[in-house]
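The values are calculated or read from the model by the stated rules, or taken from the named source; none is laboratory data. Computed from a predicted model, the values in this text were never measured in an experiment. All Cβ positions, even for glycine, are placed from backbone atoms using ideal geometry, and neighbour counts span all protein chains on display.
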Amino acid sequence: MIAQRIEEGVGTITLDRPEKRNALSRELVEAVLAALDVFRGAGVRAAILRAAPGAKVWSAGHDIAELPQGRDPLMYSDPLERLLREVKAFPAPVIAMVHGSVWGGATDLALSCDLIVGDETCSFAITPVKLGLPYNLVGLLQFSRRLPLNLVKEMFFTASPLSADAAARWGILNHLVDSGELEVFTMALARTIAANAPLAVAAVKEQLRILTESGPIAAGAFERVQELRQRVAESEDYREGIRAFQERRPPDFRGR
Ligand code: LCV
């Protein structure tokens, strides 16, 4: 499911569920969370999250087979949402090392990492509308704080992958490097971070998390956002989106 190792103060987690394109099932998420716990106990000073060498898909996102039907699936307690929060709260920088395509909640996971290093094969798609779903508040805020609104809208409305060049141009990637250099480059970046004062680095990470995540939202606005989510999650279109994926056919959305 995953491989993990610690060397020279850098912890590496390798997603390894190729048969399901590293879809983030509860089991896979729990394994990553357990590895982060081990890293926290070992006092690692930087972490790398990657897929197995040569994987064409970094991660296919939330495990669709585990999406609750008929209600909003991306609730606070959802395993993937827990992982996003743990990555953001982890007391050392987490670097997403991306070779291959990234889909749906996995794009949110990559954006939740502190840095992203990708190669020419990487791409990023956010795909709820392909399943008949909207997105959750935390995720929408994350995208809208990171990227120009017109790009966020194009990514969500089209559900099309953003290419490596576009990801570099729009700042999703900290670095776009050749696939042959990706591992060496990312490890060197992690070691540079690991050589600095860990308490200071951890404090800056948490300070920035608190500052960027705080932002007032009127209660009424919050209620409206939640109602929009709930109404769509209860739609027939959401059920059709899941069925279409399972039956390997294009969905036939009827707007109800
Ligand atoms: C379970 C999978 C998955 C998968 N879950 O291989 O962001 S949100 O809001 O949308 C959130 C709810 C979310 O993250 O939803 C998931 C969004 N992800 C996607 O829409 C990507 C769905 N997957 C694909 O489009 C393709 O599988 C990709 C392009 C990733 C890879 O295509 P490829 O031709 O290489 P297959 O499609 O043949 O899939 C190989 C196996 O992985 C399973 C898929 O069902 C198949 O399993 P079986 O061989 O048992 O049939 N699989 C792929 N993605 N997200 N299972």
Of all residues in the range 1-43 being assigned to a strand (DSSP E or B) and within 16 Å of the ligand (Cβ to nearest atom), which is nearest to T107 (Cα to Cα)? L24
Considering the range 142-178, residues that are within 15 Å of the ligand (Cβ to nearest atom) and aliphatic (A, V, I, L, M), and then whichever is nearest to A221 (Cα to Cα), we arrive at V152
Checked the range 126-139 for anything within 11 Å of the ligand (Cβ to nearest atom) and among the aliphatic types (A, V, I, L, M); matches are I126, V129, L131, L133
Tell me, yes or no, whether the range 76-96 has at least one residue that is within 21 Å of T186 (Cα to Cα), β-branched (V, I, T) and within 12 Å of the ligand (Cβ to nearest atom). no
For the condition closer than 22 Å to L133 by Cα and at pLDDT 95 or above, what is the one hit in F157, F222, F185? F157
Can you tell me which of I95, I48 is under 13 Å from the mean Cα position of the chain (by Cα) and either more than 21 Å from F156 (Cα to Cα) or among the acidic types (D, E) (or both)? I95
Could you please let me know if R17 is out of contact with any Phe, Trp or Tyr (no Cβ under 7 Å at 6 or more places or on another chain), of a type outside the set (F, W, Y) and over 25 Å from I193 (Cβ atoms)? yes
Consider D78 carefully, then state whether it is within 30 Å of R256 (Cβ to Cβ), free of Cβ contacts under 8 Å to residues at least 24 places away in the same chain and surrounded by 19 or more Cβ atoms within 10 Å (Cβ to Cβ). yes
Selection from the range 170-219 of residues that are more than 19 Å from L109 (Cα to Cα) and in contact with a Phe, Trp or Tyr (Cβ under 7 Å, 6 or more places away or on another chain): V177
Report, by residue number, each residue of the range 50-74 that is within 16 Å of the ligand (Cβ to nearest atom) and within 19 Å of A96 (Cα to Cα). A51, A52, G54, A55, K56, V57, W58, S59, A60, G61, H62
